[in-house]
Amino acid sequence: MKTQLILLAVAIGALLTSCKKAEGEQAAVSEAKEVTKTTDGTTYPVNLDASTVNWEGAKPTGTHTGTIALSDGEIIVNDGQVVGGEFTLDMTSITVTDLEGDMKANLENHLKGNEEGKEDHFFNVEQYPTGKYVITKATALEGDADATHLIYGNLTLRDQTKEVGFKAKVSLSDNAIQVSTPPFTIDRTDWGVNYGSKSIFDNLGDKFINDEIGLTITLAASSSAI
């Protein structure tokens, strides 16, 4: 009986730890596509103060959340449809929002690669200070309560580029546009962010970090944005 109880406790513990993961559907990821920048339509500069990328990372013992600021961006609209656009991620702005004090600072420094010998564990912002997303196409969706469009674009991180497609809700007015996504995930190892990945390294036990990064993007743009 004692042995059975121990086995049951181990099984429950394993189940609980294995369930910790970033929220959202997995994005469609493929090889980078050629981008043809359109000159037709209206270009709306992104309002940097009203736009952000939220991220979530997970490991067996829990999750962490944070934000990444944008340094520039634009959305191009023609005849009421998104036909292009791009935004730049300021990777030096990576912030952790679920911790405080030294724990917050330590994780932010680790993610940015500010510690000697750990520069390439994650994003090495000194060598790769920016990331970029360039829209390749946007198609309308029908009958989806969470999204009006599928948006595809080339995402560049650490000088590696993949096309990433995700759902988004696009709202248009006469002089403004807002694009907001439900949570979605990407596999960080597609961009060479391999630290703690059990799909890359053996014998990590429960010391691994999930490959999936959860993302939620909010872009606000208008003809008067700065």
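The values are calculated or read from the model by the stated rules, or taken from the named source; none is laboratory data. The structure presented is a predicted model; accordingly, all values stated were derived computationally and were not measured. Every residue, glycine as well, gets a Cβ built from its backbone with ideal geometry; the counts of neighbours run over all protein chains shown. Calculation scope for accessible area: heavy atoms of the full protein, side chains included, ligands and nucleic acids excluded. Shrake-Rupley method; radii C 1.70, N 1.55, O 1.52, S 1.80 Å.
Worth pointing out:
- Accessible surface of residue 195, taken over heavy atoms with a 1.4 Å probe and every protein chain present, rounds to 90 Å².
- Given 13 as the ceiling on other Cβ atoms within 10 Å, longest exposed-site-free region of the chain for GluC sites (Glu not before Pro) in DSSP loops: 143-226
- Size of charge dipole - the chain - debye, nearest 20, with Cβ of Lys, Arg +1 and Asp, Glu -1, no other charges: 640 debye
- Between 216, 204, 177, the Cα set farthest toward the positive side of the dipole of segment 177-226 (charges on each charged residue's Cβ, about the Cα centre) is that of 177.
- When nucleic acids and ligands are ignored and a 1.4 Å probe is applied, residue 82 ends up with an accessible area of around 10 Å².
- Stretched out straight at 0.36 nm per residue, the stretch from residue 180 to residue 206 would grow longer than its current Cα-Cα span by 5.9 nm.
- Atom-type composition of the exposed protein surface of segment 45-201 places 45 percent of the accessible area on carbon and sulfur (1.4 angstrom probe).
- Only one of (1) 18.9; (2) 13.3; (3) 15.8 was calculated from the structure for mean projected area of the Cα convex hull in nm², and its label is (3).
- Working note: Karplus 6.51/-1.76/1.60 with θ = phi - 60° gives segment 166-177 the couplings 8, 7, 8, 9, 10, 10, 10, 10, 4, 10, 8, 9 Hz, where Gly and Pro are set to x.
- Legend: translational diffusion of segment 115-190 by Stokes-Einstein, Rh = Kirkwood radius over C-alpha pairs, 4 °C, 1.567 mPa s; D = 89 µm²/s.
- Summed over the residues of segment 90-158 and divided among them, the accessible surface reaches 54 Å² per residue at a probe radius of 1.4 Å.
- Helix axis angle, 101-112 relative to the chain longest principal axis, alpha carbon, degrees: 70 degrees
- Computed [θ] at 222 nm, helices only, for the chain once each DSSP H run of length n ≥ 4 contributes -39500 (n - 2.57): -4000 deg cm²/dmol
- With all protein chains in place and ligands, DNA and RNA left out, the 1.4 Å accessible area ranks 91, 103 as 103, 91, largest first.
- Taking Lys and Arg as +1 and Asp and Glu as -1, the other residues whose beta-carbon sits under 14 Å from that of residue 67 total -3.
- Projected label distance in nm at residue 98 and residue 31, using a 7 Å step from Cα toward the beta-carbon: 3.7 nm
- Computed accessible area, residue 64, all protein chains, 1.4 angstrom probe, square angstrom: 40 Å²
- Under-5 Å amide H pairs with residue 163, H placed in peptide plane, nonlocal only: 30, 31, 32, 33, 155
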